[in-house]
Structures are given as structure tokens and as C-alpha cells.
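The values are calculated or read from the model by the stated rules, or taken from the named source; none is laboratory data. Note that this is a predicted model, so its numbers are computed, not measured. Because the Cβ atoms are built from the backbone with ideal geometry, glycine has one as well, and the counts that use them run over all protein chains shown. With ligands, DNA and RNA removed, areas are computed over all heavy atoms of the protein, side chains included. Shrake-Rupley method; radii C 1.70, N 1.55, O 1.52, S 1.80 Å.
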Amino acid sequence: MKKLLPLVFLSLSLSAEPTLQKAFTDGDINAEIQLFYYNIDKKNGSNAYATSTGGYLKYSTDTKNPFFASIRFHTSNPTFDSTNREKTALFKKDGTALTAISESFLAYRTKSRILKVGNFMLNTPMMNDDTTRIVPWSYRGFAYTGESIKNLKVQLYYIDAIRSNTTDEYKKQSASGEFDSITMFSLHYNGISGLKTGFYYYYSPKLYSTFVAQGDYDIALNANTLLCFGVQYFKSGDGGKYAKTDDKNGGDNINLVALRSSIDAKNYSLSLNYSQNFGLSGVVGGYGGAAKVYTTSMIANGRGNYKPETWMLKGNYDLDLGKYHSEVALTLTNTQTKDQRGDDFNAYYLHFKHFFTKEASIYLRYESLKFTSSKKDANYFRAIATYKF
């Protein structure tokens, strides 16, 4: 079936589009280069640092055609000296260079529907690309999105293999463990002014299934200022033989509520976020990528296992420098676990991002975790230079 589907799509495209050559000549190519330095400083002595040079190259045939195709390569290569570089998750698990096909799909599009078959990246709460490294996560299967009803979007995904950000192979291995298949159905309704809602159900027999709901409401105070509120709910169950209840990445006992309130102005934003996981399972990785919970910074989060309760204060400020643009951010986090096996901590996060041009930027990120238990403190620093073309 896997080998037959591309042949079917290709034959359909050949018969439906007599100017196939034009679809390729009118295609689009884009790329990105990154220099990524990551330093992990742990007081227990298990330090690590590494520098990687990499990025991606992507080509798509003309997406104005009903049938189109896309392929993207990501690569991450060790550069300069390093220590325990495999712990940075920038490369393969053994610390060697990684080059992967992150996208290679065929697609069919109408005015209100699109179907993809092959390998692709995703953007959902429990399955996403997780761009915190050079090489992202990606997924194999089919993805359908329909928007034929006004203000309503429907998504149906079937995934039979996953590629993590430290391998070039697609396997039946999720962030939370082995799986047979994962099916996701979601509804998104935006028919009420200022309100965005999303409902997701992930069904994975022999692993675990999850329901996710999210609502975000914005109130305009003036032309440049919004008052924003949000709520999230994650609930998992139906654990199978592959499920591990106390897994930090995800298990069959997630029961998490998260709240967000913020004020977003032209040059700054300030938010107070809260989450409580009443279950023993974490939701750090979900089925793949990095689960999207309001209480998340670079390392610290309220998504872990052992019933964490987290408060997070975030502040962002845009520096208007005329020709140039910069952003600074500060995040303060307090997490207390309600299970004795967990570790309480405070975290301090700071970043600075500067855009030299639309194509070139540098991103400096630092976070310090201070544990209140006997667990040793840790500091994390990333410097990322990016050029897009």
C-alpha cells in the first residue's frame, strides 16, 4: 500500500495536468542555514556542549496546481570541539551527524480541502515538529484538512510511523513509546468574534489515547492592545501494553488543566500562566515533538509527571531600533509536585533575539533551574545564528 499510493497519485497528476513540466519549473525552493551552540551545565558533573552547522533545503512544485509535491532535507553536523555532544539532542543518539528527509509528500488541493500522503511535519498539541533543535520531528501517513463550512476546520490524520529529531529513520516509536498507529481527529471553530477553539482526539491502540481542548479569547482594549485569556485541558486514558503510567513524556494518566492571561501591546506583552497536572503521567513529548502547554519555557515546564503545579510569569519587549529589530524576554517559573517522587524547582529564563535583516538573526537563550530538593541545579545556554534564503 505504501508503494502503491505514490504511483496512484503520480498517474492521476499526469492525466489531470498536461503541463506537468510547468508545475516543476514554477516550483519554489527555499533554505535555511543555522549555526547552533548548546551548553548544558549540571552541578552533578554530567555537562555537555556542542556546536552544530546545519539547516534545511526545501523544494515544492507549483502549489497553485491541484496536485503538487514537496520534499525537504534537514541536516545537523558537529562543528568544533564538544563534550558529551549526544546529550544535546542536536545529532543522532551516538553524537554523529544527522541528515534526514523531514518532508516528502504528494498533495491534492481544492478550494476548501487538502490531502497529503507521505512524510510531513505537523503542528498539533500532542504531535508537532518541535523546532527547538535544527532537525525537527516528522510523521508518515496521510493528513486531511477540510474548511468547506464557514468558520469550521476539520482535520483527520492517520500516522503509521514517526521520525524523531535524533534519527533519519521512520519507526513505530513515539515520544511516549511504541505504537501501532495514531489517528487524530480535530475540530476548530472561530465563528465568535475574538474566540478561537480547538478540540483534538488522539486514538492510539496499545499505547494511550488523549483528548485535548483549548480556547483562547481576545478583548481589544484599543487599536494596539489586547487583553487575552486562555484555557487548556489534556486528558488521557485507554492505556495498552506499550503505555507507561508515570512516563514524563506521556502516559495513560494525564489530567492537566492550564490557564493563561496576558496583555499584548504594540511593543510588549506580559502574561501569567498556571497549570496543574492531577495525573501521574507527564505530557512533555506527547506522541512526538514537544507538547504545547501554556506553562512552557526552554527547559522548565508544567508538563511533567508526578502531578506538577506550575506558575509562570512571562514578559516580552520589542526594541524598536529603526532599521533593525530586537526582542528581549524574561520568564520566572515555580513548580511544586504533589507526588513525593517529583522535584520542586524555581527557574529563571532570559532570551535576546536580534534581526539584522528579514533573513538574518541571532537568538541567545539562557535558563537556570534551582531545585529545592537534593537534585542538583542546572544551567542551559543556546546561541543560534540563522540565515534564510
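Among the listed pairs LYS338/LYS370; LYS235/LYS292; LYS171/LYS292, a Cα-Cα separation exceeding 21 Å is found for LYS171/LYS292.
When ASP81, ASP318 are compared by accessible surface with a 1.4 Å probe, the order from highest to lowest is ASP81, ASP318. Here's the picture: charge each Lys and Arg Cβ at +1 and each Asp and Glu Cβ at -1 in the stretch 113-388, and of HIS351, SER148, SER374 the one pushed furthest to the positive end of that dipole is SER148.
Counting only protein heavy atoms and a 1.4 Å probe, tell me what percentage of the chain's accessible area is made up of carbon and sulfur. Kindly include the intermediate steps, with their values, before the conclusion.
Details: 10970 of 19240 Å².
Reported share for carbon and sulfur atoms: 57 percent.
Placing +1 on the Cβ of every Lys and Arg and -1 on the Cβ of every Asp and Glu, with no other charges, gives the chain a dipole of roughly 320 debye about its Cα centre. Against the longest alpha carbon principal axis of the chain, how many degrees, from 0 to 90 and to the nearest 10, is the axis of helix 4-16 turned? Result, in degrees: 50.
At LEU321 and LYS241, where each label point lies 7 Å from the Cα along Cα→Cβ, what is the point-to-point distance in nanometres? Inter-label distance under the simple model: 5.8 nm.
For THR372 and LYS171, calculate 0.36 nm times their separation in residues minus their Cα-Cα distance, and state this gained length in nm to one decimal.
Gain on extension, THR372 to LYS171, equals 68.5 nm.
Could you list the residues of the stretch 233-262 with an amide nitrogen less than 16 Å from a label point located 7 Å from the Cα of LEU313 in the Cα-to-C-beta direction? Only 261-262 fall inside the zone, counting backbone N under 16 Å. Applied to the stretch 124-131, the Karplus parametrisation 6.51 cos²θ - 1.76 cosθ + 1.60 on θ = phi - 60° returns per-residue 3J(HN,Hα) values of 10, x, 10, 9, 8, 7, 6, 8 Hz, with x for Gly and Pro.
Among 146-158, 193-205, how do they line up from the highest to the lowest mean number of other beta-carbon atoms within 10 Å? Numbers along the way, then the final one.
On the way: 146-158: 14.2, 193-205: 16.7.
Descending packing order for the listed peptides: 193-205, 146-158.
Using helices alone, what [θ] at 222 nm do you get for the chain, with -39,500 (n - 2.57) per DSSP H run of 4 or more residues, divided over all residues and rounded to the nearest 500?
Details: 2 runs with 19 residues, N = 389.
Rounded to the nearest 500, it is -1500 deg cm²/dmol.
Annotation: per residue accessible area for the stretch 39-105 equals 47 Å², rounded to a whole number [probe 1.4 Å, protein chains only].
Please compare each pair in LYS244/LYS388; LYS93/LYS375; LYS196/LYS244; LYS43/LYS353 to a cut-off of 30 Å on the Cα-Cα distance and tell me which ones are over it. Spell out each step's value before the answer.
Working: LYS244/LYS388 41 Å; LYS93/LYS375 25 Å; LYS196/LYS244 33 Å; LYS43/LYS353 28 Å.
Table pairs above 30 Å Cα-Cα are LYS244/LYS388; LYS196/LYS244.
Of all aspartates and glutamates in the structure, the ones whose alpha carbon falls short of 14 Å from that of LYS266, not counting any fewer than 8 places away in one chain, are ASP318, ASP320, GLU327. Computed from label points 7 Å out along Cα-Cβ, the spacing between LYS206 and GLU147 is 3.7 nm.
Within 10 Å, count the other beta carbons around each residue, average over each peptide in 229-242, 296-309, 369-382, and list them highest first. All intermediate terms of the calculation are to be shown ahead of the outcome.
Working: 229-242: 17.8, 296-309: 21.9, 369-382: 15.0.
Listed from highest to lowest mean packing, they are 296-309, 229-242, 369-382.
In a fully extended conformation the segment linking THR132 and ILE219 would gain 28.2 nm over its present Cα-Cα distance, using 0.36 nm per residue. Taking a straight Cα-Cα cut-off under 12 Å and skipping sequence neighbours fewer than 8 places away in the same chain, the aspartates and glutamates within cross-link reach of LYS116 are GLU103.
Beta carbons within 10 angstrom, averaged per residue: use that to sort the peptides 111-124, 276-289, highest first. Present the calculation step by step, with values, prior to reporting the outcome.
Numbers: 111-124: 17.3, 276-289: 25.2.
Sorting 111-124, 276-289 by mean packing, highest first, produces 276-289, 111-124.
Considering the values [x] 87, 55, 37; [y] 61, 55, 36; [z] 67, 52, 47, which represents Cα extents along the principal axes in Å as calculated for the structure under consideration? It is the value labelled [z].
Working out 0.36 nm times the residue gap between PHE278 and ARG113, then minus their Cα-Cα distance, what length gain in nm do you get to one decimal? Spell out each step's value before the answer.
Numbers: separation 165, 0.36 × 165 = 59.40 nm, distance 3.82 nm.
Result for the pair: 55.6 nm of gain on full extension.
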